[in-house]
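Since the structure comes first, as structure tokens, the remarks are kept for the end.
The values are calculated or read from the model by the stated rules, or taken from the named source; none is laboratory data. Just so you know, these numbers come straight off a predicted model, no measurement behind them. Reconstructed Cβ throughout: ideal geometry from the backbone, glycine too, with neighbour counts over all protein chains shown.
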Amino acid sequence: MNDPSRHLDAMRTATPLVQNITNYVAMNVMANVMLAAGASPAMVHARGEVAEFAGLAAALTINIGTLDAEWAECMALAARAAVERDIPWVLDPVAVGATAMRRDVGARLLDLSPTVIRGNASEILALSGAVARGRGADAADEVAMAQRAARDLARASGAVVAVTGPVDFVTDGARTAHISNGDPIMPRITALGCSLTGVVGAFAAATPAFEGTIAALAYYGVAGEIAGRTASGPGSFQPAFLDALYAMTGAELDAMTRVALT
Ligand SMILES: Nc1ncnc2c1ncn2[C@@H]1O[C@H](COP(=O)(O)OP(=O)(O)OP(=O)(O)O)[C@@H](O)[C@H]1O
Ligand SMILES: Cc1ncsc1CCO
Ligand SMILES: [Mg+2]
């Protein structure tokens, strides 16, 4: 893909309303990232309104980072509503292999036909049923190790699967892509992966899932590279990253994108 800017333009033009059920750590970071990108985020998770809100939204994202039993039920209600209303929904299976509860909720959500699944290598390995070594929310496995699991998971679930890390991998079960944009500071800042899931949802609202996911990952990685030019550590990286998401032109994105389709 040499023109991800088309998909960035489509997303910014649509300013999609994206409903996010995300974790307490990510809520503020994610909303700011999505606003800087040009989307309209709403963090909505109450039982009484999740399904109704999905009728207003252009996409839904569900992140199990700070799970509890009540939220797990609301996540399923929201996912069902998204499928009924035919809007894309993105699953972020944070630390899905860590506990029995996470494995159970992850499997239930997987049964509800996510459009895209976005996780790190340990999470995608665990969700696919393979043995993973992740501790908590951080990856301990390599993206390359998770590629076969990602392809199997995509074929079994019908979802586009994105494995993020130093080089990102995206597959719909048949086609594959590697995106080698990004900055090594990114995994040293909490919730940047969670926030990326929101950006993937925003792109998927305006573009078919495989192309939209690749473009979202390229855009995010390029913003990371731009932020990395001036940042002196994780603290100064965060505002520089928001500014880069906000200011990036389509021409900059196309010039800096490193995507290999296979
Ligand atoms: N070592 C790295 N070098 C360059 N980019 C990276 C690196 N690690 C992660 N990234 C980028 O960081 C972003 C977030 O991906 P990551 O895999 O860290 O998510 P995550 O583990 O789900 O994060 P979290 O759960 O903490 O929010 C992606 O755009 C990815 O490409
Ligand atoms: C640190 C952390 N703990 C639960 S969710 C979360 C945010 C990154 O996934
Ligand atoms: Mg994560």
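Quick notes
- Region 41-70, subset assigned to a helix (DSSP H, G or I) and crowded, with 20+ Cβ neighbours inside 10 Å, residue farthest from the chain's Cα centre (by Cα): V50
- The listed residue being within 16 Å of ligand 3 (Cβ to nearest atom), more than 17 Å from L192 (Cα to Cα) and at pLDDT 95 or above, out of L67, L17: L67
- Residues that are among the charged types (D, E, K, R), in a loop (DSSP other than H, G, I, E, B) and over 18 Å from A149 (Cα atoms), drawn from region 84-125: D86
- Any hit, region 117-124, residues being farther than 14 Å from A98 by Cα and of a type in the set (D, E, K, R): yes
- Within region 129-153, the set of residues being of a type in the set (G, A, S) and at pLDDT 95 or above comprises A149, A150.
- Filter result for A76 (under 27 Å from D172 (Cα atoms), more than 16 Å from ligand 2 (Cβ to nearest atom), in contact (Cβ under 8 Å) with a residue 40 or more places away in the chain and not acidic (D, E)): no
- Residues that are among the hydroxyl-bearing types (S, T, Y) and more than 8 Å from ligand 1 (Cβ to nearest atom), drawn from region 166-196: T171, T176, S180
- Some residue of region 118-131 being closer than 26 Å to M30 by Cα, basic (K, R) and either buried (at least 22 other Cβ atoms within 10 Å of the Cβ) or free of Cβ contacts under 8 Å to residues at least 40 places away in the same chain (or both): yes
- Looking only at region 165-209, and only at residues there that are free of Cβ contacts under 8 Å to residues at least 60 places away in the same chain and charged (D, E, K, R), the one that is surrounded by the most Cβ atoms within 10 Å (Cβ to Cβ): D168
- Given (1) at positive phi; (2) within 13 Å of ligand 3 (Cβ to nearest atom), index of the condition G129 fails: (2)
- Meets criteria (small (G, A, S) and without any contact (Cβ under 8 Å) to a residue 60 or more places away in the chain) for G48: yes
- Of the criteria (1) buried (at least 16 other Cβ atoms within 10 Å of the Cβ); (2) touching a residue at least 40 places away in the same chain (Cβ under 8 Å), which one I226 fails: (2)
- Helices (runs of 4 or more DSSP H) enclosed by region 191-262 - at least 3 residues per element that are closer than 24 Å to D92 by Cβ, aliphatic (A, V, I, L, M) and out of contact with any helix residue (DSSP H, G or I) (no Cβ under 7 Å at 6 or more places or on another chain): 209-230
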